[in-house]
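Structure record follows, encoded as structure tokens.
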Amino acid sequence: MGAAPGAMAEPAKVPAGPADLVNALNDVFGKNAGQRAAHTKGICLSGTFTPAADAPKLSKAPHFSKPVPITARFSLGGGNAKAPDNAQDNVRGFAIRFDLGDGASTDLVTISAPVFFVQTPEQFVELLETVGSGDQDKIKAFFESHPASTRQKAWLTSHPVPASFAGVDYWGVHGFTFTNAAGETTLVKYKLIPEAGELGLTPEEAEAKGPDFYAEELKDRLAKGPVVFDLTAIIGKDGDQTTDPTLRWDDEDGRPTAPLGKISIDAIAPDATCNAFSFLPGNVVDGIAGPASDPIFQIRSPAYLVSFTRRLAP
Ligand code: HEM
């Protein structure tokens, strides 16, 4: 049905493609020549993953049945190459590439919050454009009309500034489906738990640390031994939604979990190692499937490849 003559038609929502999302990041944070459009500031790492004995009962993915080398990267959210380490309202990132041999790999790309800040690619662009405008009334109106976009910040600001990349939990956020060798499927969400425990700073300590302490802290920590995380699967149940990454499952923290293995970060690796490729959320293997119905999950890898292609350009 057309709009009545003289009435203002609602502008049609133009679907946002991967390049639109990277453009929106570039518009807010600048082009970051040669660097990532998001999670620009980070530290490249190397280590190993050792699967838990029962991990193959959940998934037939190769790294759940044999130890494999990993390349990983800790990062700060956003496209600011100088993002302050002591900000409370920013996510920390932890990306892992499992080297499966013969050039094959699978990736896991996580953040230090259990939820994301938008439900759709269009909201991602709208949110960045709104924040980028600097117009406080517009920003307020966006969050009032998009309560789902307030959840991540609310979560972060109710937790202390992590004292270390190695002292905070990380989540895969999206729901993944595991399939084992018998063809049985299990819905899961990934959670990484640091063996060092949760290490938080008081606001005064965070202030005193300043904007650049994570790299040194990690160097000192690794000089004493590996940084270890338990990779766990939060077990889903029938009816759990996998379409909206701004929402947790009901009683998610009370759910049964299954150990998947131990991630051991052994050393800092040259930046060039991590910059030579892109950690891709959709780089999964037989035995692991991402959520087909989650529009954020679906657009992530194409957007990361736009960023990757641009950072390789001369
Ligand atoms: C529409 C939603 C999203 C967009 C457009 C987006 C965009 C990007 C881009 C462009 C990069 C840089 C890729 C590269 O140059 O290699 C990146 C990196 C990253 N993203 Fe996202 N992202 C989104 C959602 C998420 C979510 C839901 C998570 C966590 C669950 C996440 C975690 C990360 C992390 C940890 C990195 C750093 C990877 C590294 O260290 O190389 N992102 N993102």
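The values are calculated or read from the model by the stated rules, or taken from the named source; none is laboratory data. Predicted model, so just to flag it, every value in this text is computed and none were measured. Here Cβ is always computed from backbone atoms with ideal geometry, including for glycine, and neighbour counts include all displayed protein chains.
For (1) exposed (fewer than 15 other Cβ atoms within 10 Å of the Cβ); (2) within 23 Å of Pro18 (Cα to Cα); (3) within 11 Å of the ligand (Cβ to nearest atom); (4) within 23 Å of the chain's Cα centre (by Cα), each residue gets a yes or a no:
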site: Ile111; (1), (2), (3), (4): no, yes, yes, yes
site: Val115; (1), (2), (3), (4): no, yes, yes, yes
site: Glu126; (1), (2), (3), (4): no, yes, no, yes
site: Asp135; (1), (2), (3), (4): yes, no, no, no
site: Arg151; (1), (2), (3), (4): no, no, no, yes
site: Trp155; (1), (2), (3), (4): no, no, no, yes
site: Gly175; (1), (2), (3), (4): no, yes, no, yes
site: Gly183; (1), (2), (3), (4): yes, no, no, no
site: Leu201; (1), (2), (3), (4): no, no, no, yes
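Would a scan of the range 140-147 turn up a residue that is surrounded by fewer than 17 Cβ atoms within 10 Å (Cβ to Cβ), within 20 Å of His174 (Cα to Cα), more than 16 Å from the ligand (Cβ to nearest atom) and not polar (S, T, N, Q)?
Within the range 140-147, one or more residues are surrounded by fewer than 17 Cβ atoms within 10 Å (Cβ to Cβ), within 20 Å of His174 (Cα to Cα), more than 16 Å from the ligand (Cβ to nearest atom) and not polar (S, T, N, Q).
For (1) within 16 Å of the ligand (Cβ to nearest atom); (2) at pLDDT 95 or above; (3) closer than 19 Å to Ala113 by Cα; (4) among the polar types (S, T, N, Q), each residue gets a yes or a no:
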{"position": "Ala163", "(1), (2), (3), (4)": "no, yes, yes, no"}
{"position": "Val168", "(1), (2), (3), (4)": "yes, yes, yes, no"}
{"position": "Ala215", "(1), (2), (3), (4)": "yes, yes, no, no"}
{"position": "Lys219", "(1), (2), (3), (4)": "no, yes, no, no"}
{"position": "Thr232", "(1), (2), (3), (4)": "yes, yes, yes, yes"}
{"position": "Thr246", "(1), (2), (3), (4)": "yes, yes, yes, yes"}
{"position": "Gly254", "(1), (2), (3), (4)": "no, yes, yes, no"}
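Residues of the range 87-109 being among the acidic types (Asp, Glu), touching a residue at least 40 places away in the same chain (Cβ under 8 Å) and surrounded by fewer than 20 Cβ atoms within 10 Å (Cβ to Cβ), which ones?
Just the residues of the range 87-109 that are among the acidic types (Asp, Glu), to begin with: 89, 99, 102, 107.
Add one more test, that the residue is touching a residue at least 40 places away in the same chain (Cβ under 8 Å), and what stays is 89, 107.
Within the range 87-109, Asp89 is the sole residue that qualifies.
Could you tell me how many of the residues in the range 257-298 are part of a loop (DSSP other than H, G, I, E, B), under 17 Å from His39 (Cβ atoms) and out of contact with any helix residue (DSSP H, G or I) (no Cβ under 8 Å at 6 or more places or on another chain)?
Step one: of the range 257-298, the residues part of a loop (DSSP other than H, G, I, E, B) are 269-270, 276-287, 290-294.
Filter again for under 17 Å from His39 (Cβ atoms), leaving 269, 276-283.
Going one step further and asking which of them are out of contact with any helix residue (DSSP H, G or I) (no Cβ under 8 Å at 6 or more places or on another chain), we end up with 269, 276.
Matching residues across the range 257-298 total 2.
Pick from Gly254, Gly239, Gly290: which is within 19 Å of Glu198 (Cβ to Cβ) and not β-branched (Val, Ile, Thr)?
Values: Gly239 fails: within 19 Å of Glu198 (Cβ to Cβ); Gly290 fails: within 19 Å of Glu198 (Cβ to Cβ).
Of Gly254, Gly239, Gly290, the one residue that is within 19 Å of Glu198 (Cβ to Cβ) and not β-branched (Val, Ile, Thr) is Gly254.
Name the residue, out of Gly30, Gly47, that is closer than 20 Å to Trp171 by Cβ and more than 10 Å from the ligand (Cβ to nearest atom).
Values: Gly30 fails: closer than 20 Å to Trp171 by Cβ.
Among Gly30, Gly47, only Gly47 is closer than 20 Å to Trp171 by Cβ and more than 10 Å from the ligand (Cβ to nearest atom).
Could you list, in sequence order, the residues of the range 249-260 that are within 19 Å of the chain's Cα centre (by Cα) and within 24 Å of Ala166 (Cβ to Cβ)? Outline the logic, then answer.
Step one: of the range 249-260, the residues within 19 Å of the chain's Cα centre (by Cα) are 249, 252-253, 260.
Of everything in the range 249-260, those that are within 19 Å of the chain's Cα centre (by Cα) and within 24 Å of Ala166 (Cβ to Cβ) turn out to be Glu252, Asp253, Leu260.
Within the range 21-59, which residues are over 25 Å from Asp85 (Cα atoms) and touching a Gly at 6+ places or on another chain (Cβ under 7 Å)?
Phe49, Thr50, Pro51, Ala52, Ala55, Ser59, listed by residue number.
Examine the range 271-281 for a residue that is over 24 Å from Thr48 (Cβ atoms), within 16 Å of the chain's Cα centre (by Cα) and within 14 Å of the ligand (Cβ to nearest atom), and state whether such a residue exists.
Start the filter on the range 271-281 by keeping residues that are over 24 Å from Thr48 (Cβ atoms), which leaves none.
The answer is no; no qualifying residue exists.
Under 8 Å by Cβ, and 6 or more places apart or on different chains, what pairs join a residue from the range 134-158 that is touching a residue at least 40 places away in the same chain (Cβ under 8 Å) with one that is part of a helix (DSSP H, G or I)?
Ser149/Gln123; Ser149/Leu127; Ser149/Phe142; Ser149/Phe143
Answer yes or no: is there a residue in the range 73-88 that is away from the ligand (no atom under 12 Å from the Cβ), touching a Gly at 6+ places or on another chain (Cβ under 6 Å) and either acidic (Asp, Glu) or at negative phi (or both).
Scanning the range 73-88, I find no residue that is away from the ligand (no atom under 12 Å from the Cβ), touching a Gly at 6+ places or on another chain (Cβ under 6 Å) and either acidic (Asp, Glu) or at negative phi (or both), so the answer is no.
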